[in-house]
Structures are given as C-alpha cells and as structure tokens.
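Taking it in order: structure first as structure tokens, then the write-up.
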Amino acid sequence: MNVLIPKPEQITNGSQTAYRGIDLKLLGGGFQGDMLFHENYNVTKNVRGVAVYGDNYRWPYNTIPYDISAITDIHDQKMVTNAMHILMYDVGTPISGSEGRVPCVYFRPRGANDQAYLKIQYGTGCSAHVGYVSHRQSEIYLQKDGCFETGVIQHELMHILSFHHEQCRPDRDNYVQVNWENIENGKQYSFEKYTWGSSVYNQGTTYDYASIMHYFGNAFSKNGKPTMVPLKAGVVLHGARVLSPTDIFEVRQLYNCNA
Ligand SMILES: [Zn+2]
C-alpha cells in the first residue's frame, strides 16, 4: 500500500463521556450486547484476542472499504472517520523521519467493485458484525445519541476487524471473578468463555484489563453491584476509551504487520 497515515487530530463530539458512561441499553440487541453475526456464522467455532478463529474472517489485503453515506450529519461522519483514522494510526508502523505511519489495516471509502464492505448507519444502540465475510455487507449501527464517541466507535471497529470481548478469554477466571448473581437475567451469555484454538486464537498475549474490548465492572448488572471484579489488586475495570498496547499488538499480529 503506497500511502502513509498522517498523524490524526483528536476531535470530540462536545460532550464526550467515558465509555463506562454509555447506557448499557445502547449495547443491546446483538449477541453479547453489541455483536451481530452473519448468517452461517458458527459462534462456537469462529470466534478470535480474542480474535475469531479462522483466516476467512480477516479482511483481504487488510483493507476495509466502507460506506458512510447513511450517516447524514456531517459532524457524526467526522467522528466516525476520525475514529478510523486514529485506529489506523495507532496500529500503523512508525517510520523514521516522518510523523506518518505505514498502514497495517486500512479503512477507505467503498469503490464500485467492492462487494464486501462495511456499511455504517444510524440505529438503536451501538453494535457491529464480527469479522469479514466474503461478498457480504458488514454493518455497524450507531445510535445518534450516545454512540458517537471515539472509544465506542473504535470498539465497534475492533469487532469488524474480528475481535471479541476480552472478558470472554478462556483464561479470564484467573484475572476476573464473575459475579453471576449480579448479572441481569438473560445477559449471562455475555460472560461465557470461549475456547482457545477452536473458537478464539491464542495470540500469546496476557489478559488485558485495559483492552478497549473489555467491559467495565458493572456491565449488565441488575442491582448496581459489580458483575466482574478484577483479581489483581489496584486494577479498576472502567472501560477503556483508547486501544491499549496489547490491542495494538494483537491487531498487528492478526493482520501480519509484525513481520
Ligand atoms: Zn462489543
């Protein structure tokens, strides 16, 4: 790819709230709250980070064509493209003598020949498909009131890149205690673990409390008490707003940018 990702400017929507501040109802709808699955998607077999297991779920040429035409508000559009830009820059490869970075994953507007692409549209709640499927449209839905902040958009973009929630890692019981008694009825599946090798890749990274894919400690609580408690002293599960160093490493490894 013969382009460099310029250093992005940071923009806000004026009332940017922490990810933990997101109304959980906004994460409703899909599997585990905000994940949508393509037909024929076998969640027990095809989950990866946790990144979906299977090369087929990675975007070819590390490129994600997108169509943002349904986001009619120009400022909302800018929030989305800026979130993409920051993600691309964060996972890009630094080069000496330039502030620009070589892209690792590349979001670009959809061309006439792109049959598989990401469609971004307004919707109820914030949700996204997980991973790429050939010849298919993948979708991100963003509720106008609540989803247009950089961290939320990047979380959904990570699903599109085929990443799942960090707290579903097979080894999570060594890092967080799940308080099943505090979980809202019907939301227990959000806390199920995956299996290395058959459903998620083991990328050799350690469990990452700071992952943008980790829910905050009160996620899906029915009584205001924590649904997850970190087992390591001093850790607070506040819900990250930026990609962590491990998130960046995992994207780069999954998309073969670490060579
Ligand atoms: Zn999610």
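The values are calculated or read from the model by the stated rules, or taken from the named source; none is laboratory data. Because the structure is a prediction, the values reported are computed rather than measured. Don't worry about glycine lacking a Cβ; one is built from the backbone with ideal geometry, like all the others, and counts go over all protein chains shown. We work out accessible area using only protein heavy atoms, side chains counted, and drop any ligands, DNA or RNA first. Shrake-Rupley method; radii C 1.70, N 1.55, O 1.52, S 1.80 Å.
Here is a list: Phe107, Phe37, Phe31. Which entry is among the aromatic types (Phe, Trp, Tyr) and modelled with pLDDT under 60?
On the way: Phe107 fails: modelled with pLDDT under 60; Phe37 fails: modelled with pLDDT under 60.
Result: Phe31 is the single residue among Phe107, Phe37, Phe31 that is among the aromatic types (Phe, Trp, Tyr) and modelled with pLDDT under 60.
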For this session: Looking at (1) buried (at least 19 other Cβ atoms within 10 Å of the Cβ); (2) within 16 Å of the ligand (Cβ to nearest atom), find the lone condition where Thr124 falls short.
Result: (1)
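How about segment 73-92: which of its residues are over 25 Å from Val200 (Cβ atoms) and surrounded by 11 or more Cβ atoms within 10 Å (Cβ to Cβ)? Before the answer, list the steps.
Taking segment 73-92 first, the residues over 25 Å from Val200 (Cβ atoms) are 73-82, 85-86, 89.
Asp73, His75, Asp76, Gln77, Lys78, Met79, Val80, Thr81, Asn82, His85, Ile86, Tyr89, listed by residue number.
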Exercise. So which residues in segment 69-83 are assigned to a helix (DSSP H, G or I) and either in contact with a Pro (Cβ under 8 Å, 6 or more places away or on another chain) or closer than 14 Å to Lys119 by Cβ (or both), if there are any at all?
Worked result: Gln77, Val80, Asn82
For this session: Just name the residue that is farthest from the ligand (Cβ to nearest atom) out of those in segment 142-158 that are farther than 17 Å from Phe216 by Cα and at pLDDT 90 or above.
Result: Lys144
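Given the condition part of a strand (DSSP E or B) and more than 18 Å from the chain's Cα centre (by Cα), answer yes or no: does some residue in segment 233-250 qualify? Walk me through how you get there before you give the answer.
Of the residues in segment 233-250, the ones part of a strand (DSSP E or B) are none.
No, that holds for no residue.
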Exercise. Under 6 Å by Cβ, and 6 or more places apart or on different chains, what pairs join a residue from segment 227-242 that is open to solvent by 30 Å² or more (accessible area, probe 1.4 Å) with one that is among the basic types (Lys, Arg) and outside any loop (DSSP other than H, G, I, E, B)?
Worked result: His238/Arg20
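Could we say that Asp173 is closer than 28 Å to Asn218 by Cα and away from the ligand (no atom under 16 Å from the Cβ) here? Working first, answer last.
On the way: closer than 28 Å to Asn218 by Cα: yes; away from the ligand (no atom under 16 Å from the Cβ): yes.
Yes, satisfied.
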Seminar exercise, completed: Within segment 200-232, residues being farther than 25 Å from Tyr57 by Cβ, among the aliphatic types (A, V, I, L, M) and not in a loop (DSSP other than H, G, I, E, B) number 2
Exercise. Which one is farthest from Asn258 (Cα to Cα) among residues in segment 173-205 that are aliphatic (A, V, I, L, M) and in contact with a Phe, Trp or Tyr (Cβ under 7 Å, 6 or more places away or on another chain)?
Worked result: Ile183
For this session: For residues that are open to solvent by 40 Å² or more (accessible area, probe 1.4 Å) and of a type in the set (Phe, Trp, Tyr), tally how many sit in segment 204-226.
Result: 1
For this session: Among the numbered conditions (1) within 16 Å of the ligand (Cβ to nearest atom); (2) part of a loop (DSSP other than H, G, I, E, B), tell me where Glu139 comes up short.
Result: (2)
For this session: For segment 159-168, enumerate the residues that are in contact with a helix residue (DSSP H, G or I) (Cβ under 8 Å, 6 or more places away or on another chain), within 8 Å of the ligand (Cβ to nearest atom) and either open to solvent by 10 Å² or more (accessible area, probe 1.4 Å) or within 19 Å of His85 (Cβ to Cβ) (or both).
Result: none
Exercise. Just wondering, is there one or more residues in segment 182-203 that are in contact with a Ser or Thr (Cβ under 8 Å, 6 or more places away or on another chain), among the β-branched types (Val, Ile, Thr) and open to solvent by 80 Å² or more (accessible area, probe 1.4 Å)?
Worked result: no
Exercise. Does any residue in segment 69-93 that is within 18 Å of Phe163 (Cα to Cα) come within less than 6 Å, Cβ to Cβ, of a residue that is open to solvent by less than 50 Å² (accessible area, probe 1.4 Å) and of a type in the set (Phe, Trp, Tyr) six or more places away or on a different chain, and which pairs are these?
Worked result: Met84/Phe107
Exercise. On the given criteria, is Glu156 among the acidic types (Asp, Glu) and not in a helix (DSSP H, G or I)?
Worked result: no
Exercise. List the pairs whose first member sits in segment 157-183 and is of a type in the set (Gly, Ala, Ser), whose second member is within 11 Å of the ligand (Cβ to nearest atom), and whose Cβ atoms are under 9 Å apart, counting only residues at least 6 apart or on separate chains?
Worked result: Ser162/Val130
